[in-house]
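> Before I ask anything, here is the structure I am working with.
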Amino acid sequence: MSETFNCHLVLLENCLLKCKMCHMWECKNDPEEMPAEAWMDLLFSLKDLCGKQTHVHFVGGEPLMKRGIIDIIRFSSQNKFISSMTTNGFLIDKDMALRIAGSGLDTLVLSLDSLNPRTHDYLRGVPGVYNKVMDAIGYFEAIAAEKPRIHVVTTIMASNIKELADLALWAQDKKEVANISFQAVMQPFFTPGQGAWYNDEAFSFLWPKDQNELNRSLDELIKLKKSGLKITNASSQFEVFRSYFSSPENFIKKGACNLGVDSLTVNSSGKMFFCLDKEPIGDIRKDDVKKAWFSDKAESVRQQIKSCKKNCKLMVNCFFKEE
């Protein structure tokens, strides 16, 4: 069991990019989307939920589109939460970089899928995204005062399978980049659930089809990890990726899923989830968070999760734990 309680806050379900691996951009703003003050109230209620240090992850959509985002982060910092925010970097200019640095954010997570601008922009669906990410890193390099650590995350897909080692080496040489991690591509978010999604013509171009090439790239990453490069994935996670890409229909974990033990997700309309594929355990707009966490409904969802045999993003990528 982790010593940290992890809370993912989905601040809004909207984005200005059109990423190939996520269709959230097709969503309209949720009419029930909560104001900044409601998120601050939630953060306050999380302080003593599990008696652990709480790590709050601000995500979206694109969280920098959220009105009041800097105030929410600042409130989190003032209340001693560990905080991180995942962004595509498109909205970070010099002024925004200074505002983020002044908010007390601990870690800024930037998505970067290729060192080839054309490839990254293609995958992210909007021209100029690559340059925006690089500019954002440069803005933080120029800030002398205290600022967040920059963490780069790369999604492993067919288009970038030969570039993974180069991305790791680039991050190693980039002083302002604290570390880099890799995650396996999953069925694009906000698309109808289906089993063999990687065989669907609409998505199959994302899936690495050359297993030999994939194995060579994963072997390189394992070698670089063992040599001391600032890659946050455990070597065992790359082996899990290998198994997943080789036989995605097979459940890759030896044990049960660990969601619902020390993690919680709250969506943009305030519903609380252990797993987004299961029913919510409550609604922060009307339910006490601590009571919901220990409720019979929560225990029922935990039991459902224990018997789940799905290879999902949270289990394979975000909350991976060695067994």
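The values are calculated or read from the model by the stated rules, or taken from the named source; none is laboratory data. All values reported here derive from a predicted model rather than from experimental measurement. Cβ: placed from backbone, ideal geometry, glycine included. Neighbour counts: every protein chain shown. Only protein heavy atoms, including side chains, enter the accessible area calculation; ligands, DNA and RNA are left aside. Shrake-Rupley method; radii C 1.70, N 1.55, O 1.52, S 1.80 Å.
> Rounded to whole Å, give me the distance from the Cα center of segment 134-156 to that of segment 172-234.
21 Å
> What percent does the relative contact order of the chain come to when contacts are Cα pairs within less than 8 Å and at least six residues apart?
About 18 percent, as a whole number.
> Using 12 Å as the cut-off for backbone N distance, which residues of segment 76-98 belong to the label zone defined by a point 7 Å from the Cα of Ala145 along Cα→Cβ?
97-98
> What dipole magnitude, in Debye to the nearest 20, does the chain give about its Cα centre under +1 on Lys/Arg Cβ and -1 on Asp/Glu Cβ?
For the chain, the charge dipole is close to 460 debye.
> Next question, about the same structure. Determine by what factor the alpha-carbon radius of gyration of segment 184-237 differs from 2.2 N^0.38 Å, reporting the quotient.
Scaled against compact globular proteins, the figure is 1.45.
> How high is the FRET efficiency between Asn250 and Lys94 when r is their beta carbon distance and R₀ equals 35 Å, given to the nearest 0.05?
Taking R0 as 35 Å, the efficiency between Asn250 and Lys94 is 0.15.
> Take the Cα pairs of segment 1-147, get the Kirkwood Rh, then feed it into Stokes-Einstein at 4 °C and 1.567 mPa s and tell me D in µm²/s.
Answer, rounded: 80 µm²/s.
> Hey, what D do you get for segment 98-171 in µm²/s if you plug the Kirkwood alpha-carbon radius into Stokes-Einstein at 4 °C and 1.567 mPa s?
Result for D is 98 µm²/s.
> In Å², what does the accessible area per residue of the chain work out to with a 1.4 Å probe?
It amounts to 46 Å² per residue over the chain.
> Can you compute the modelled spin-label distance between Asn215 and Val126, with each label point 7 Å from Cα toward Cβ, in nm?
Simple spin-label model gives 4.0 nm for this pair.
> Another question, then. Over the Cα atoms of segment 67-129, Rg to Rh with Kirkwood Rh, two decimal places?
Value, to two decimals: 1.06.
> Sort 116-127, 224-235, 7-18 for me by packing, meaning the mean count of neighbouring Cβ atoms within 10 Å per residue, highest on top.
Put in order of decreasing packing, that is 7-18, 116-127, 224-235.
> In addition: Starting from the Kirkwood radius over alpha-carbon pairs of the chain, derive D by Stokes-Einstein at 25 °C in a medium of 0.890 mPa s and give it in µm² s⁻¹.
It comes out at roughly 120 µm²/s.
> Give me, ordered by chain and number, the residues 5 or more places off Cys22 or on other chains with an amide H under 5 Å from its own placed amide H.
Amide H neighbours of Cys22: Phe189.
> Give me the number: length gained by fully extending Lys309 to Arg67, i.e. 0.36 nm times residue separation minus the C-alpha to C-alpha distance, one decimal in nm.
Between Lys309 and Arg67, full extension yields 83.3 nm more.
> Any idea how far apart Glu279 and Gln194 come out in nm if each label point goes 7 Å out from Cα toward Cβ?
Label-label distance for Glu279 and Gln194, simple model: 2.8 nm.
> Still on this structure, I have one more. Counting only other residues whose beta carbon sits under 12 Å from that of Asp121, what net charge do I get with K and R as +1, D and E as -1?
Summing Lys and Arg as +1 and Asp and Glu as -1 gives +4.
> Calculate what fraction, in whole %, of the accessible area of segment 1-124 sits on carbon and sulfur atoms when a 1.4 Å probe is rolled over the protein chains.
Taking all protein chains in place, segment 1-124 shows 50 percent carbon and sulfur surface.
> Search the structure for amide H atoms under 5 Å from the amide H of Val109, placed 1.01 Å from N in the peptide plane, and list their residues when 5 or more places away or on another chain.
Under 5 Å from the amide H of Val109: Met85, Thr86, Thr87, His151.
> At 1.4 Å probe size, put Glu163, Glu299, Glu26 in order of accessible surface, largest to smallest.
Most to least solvent-accessible, the answer reads Glu26, Glu299, Glu163.
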